[in-house]
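Undergrad: Here you go, one structure.
The values are calculated or read from the model by the stated rules, or taken from the named source; none is laboratory data. The model shown is predicted, which means the values in this text are computed figures rather than measured ones. Ideal geometry is used to build each Cβ from the backbone, glycine not excepted, and the neighbour counts take in all protein chains shown. Just the protein is used for accessible areas: all its heavy atoms, side chains included, with ligands, DNA and RNA removed. Shrake-Rupley method; radii C 1.70, N 1.55, O 1.52, S 1.80 Å.
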Amino acid sequence: MKVNLGAKNCLYPMPTTIVGALVNGKPNYIPIAHVGIMDLGSVSLGMGKVHYTNAGIKENGSFSVNIPSVKMVKTTDYCGLVSGKTTDKSAIFKTFYGKLKTAPMIEECKINMECELIKTVDFPSHDIFVGKIVETYCDQEVLTDGVVNFDKVQPILFVMNDRSYWTLGERFAKAWEVGK
Ligand SMILES: Cc1cc2nc3c(=O)[nH]c(=O)nc-3n(C[C@H](O)[C@H](O)[C@H](O)COP(=O)(O)O)c2cc1C
């Protein structure tokens with residue numbers, strides 16, 4: 001039997017990312033789980049307009065998307081509990097910069113995507129930022145034969161419905177092969 005849940009978004013789990021941006025000249029970090037792949041070279045972020053980070057993305061035209069590991073869950077969650085409006089989050093992580101020089105990235109995250117803002121879609125309560133990935137940085141240790149192995153990354157999966165973090169399960173089949 002089906003139960004009506006109302007218009008409930010169930011597109012979870014999503015990877016928990018930490019988006020980095022320069023705001024008023026300082027790095028600010030915000031957990032964002034409402035991320036999307038627009039095409040293979042670009043990403044989208046659904047960011048409430050109330051957040052401090054949005055102005056920095058608009059001003060610099062850049063941001064970073066960092067993938068924290070399960071071990072970083074406390075610092076990741078903390079960044080989502082406090083706002084850059086009242087708390088300086090610039091020293092929580094070790095920051096590095098890449099090609100764009102204006103997209104702060106997190107050294108402790110094993111994967112970092114440096115993005116140039118190419119489009120902002122103005123939703124009533126949210127800014128939808130679309131960024132082109134200009135470079136991706138990755139810790140050597142998470143590669144297996146030159147490919148990112150997410151078993152080694154141990155991303156933090158987020159589910160809004162139960163407001164919880166989950167871990168990645170096991171690989172169980174090969175895509176574009178198992179159905180042949
Ligand atoms: C796991 C997690 C995921 C989140 N995902 C989003 C999101 O996708 N979009 C959003 O607008 N806020 C999201 N938030 C809320 C912001 O991260 C939070 O309000 C943050 O403190 C805002 O920081 P800022 O004001 O310094 O920009 C999330 C929070 C957590 C803990």
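Undergrad: I'd like to know if region 88-105 contains one or more residues that are away from the ligand (no atom under 12 Å from the Cβ), assigned to a strand (DSSP E or B), of a type outside the set (Gly, Ala, Ser) and under 22 Å from Val130 (Cβ atoms).
TA: For region 88-105, residues away from the ligand (no atom under 12 Å from the Cβ), assigned to a strand (DSSP E or B), of a type outside the set (Gly, Ala, Ser) and under 22 Å from Val130 (Cβ atoms): present.
Undergrad: Looking only at region 72-121, filter to residues that are small (Gly, Ala, Ser) and free of Cβ contacts under 8 Å to residues at least 60 places away in the same chain; which one of those is surrounded by the fewest Cβ atoms within 10 Å (Cβ to Cβ)?
TA: Per the stated criteria, the residue is Ala91.
Undergrad: Looking at region 131-160 only, could you name the residues that are outside any helix (DSSP H, G or I) and more than 29 Å from Thr120 (Cβ to Cβ)?
TA: Taking region 131-160 and keeping what is outside any helix (DSSP H, G or I), we get 131-139, 143-149, 154-160.
Answer for region 131-160, where residues must be outside any helix (DSSP H, G or I) and more than 29 Å from Thr120 (Cβ to Cβ): Asp139, Leu143, Thr144, Asp145, Gly146, Val147, Asn149, Gln154.
Residues are listed down the side, and each one gets a yes or a no for (1) touching a Leu at 6+ places or on another chain (Cβ under 9 Å); (2) modelled with pLDDT of 95 or more; (3) open to solvent by less than 20 Å² (accessible area, probe 1.4 Å):
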site: Asn4; (1), (2), (3): no, yes, no
site: Tyr12; (1), (2), (3): yes, yes, no
site: Ile18; (1), (2), (3): no, yes, yes
site: Ala21; (1), (2), (3): no, yes, yes
site: Lys26; (1), (2), (3): no, yes, no
site: Ile32; (1), (2), (3): yes, yes, yes
site: Asp39; (1), (2), (3): no, yes, no
site: Leu45; (1), (2), (3): no, yes, yes
site: Gly48; (1), (2), (3): no, yes, yes
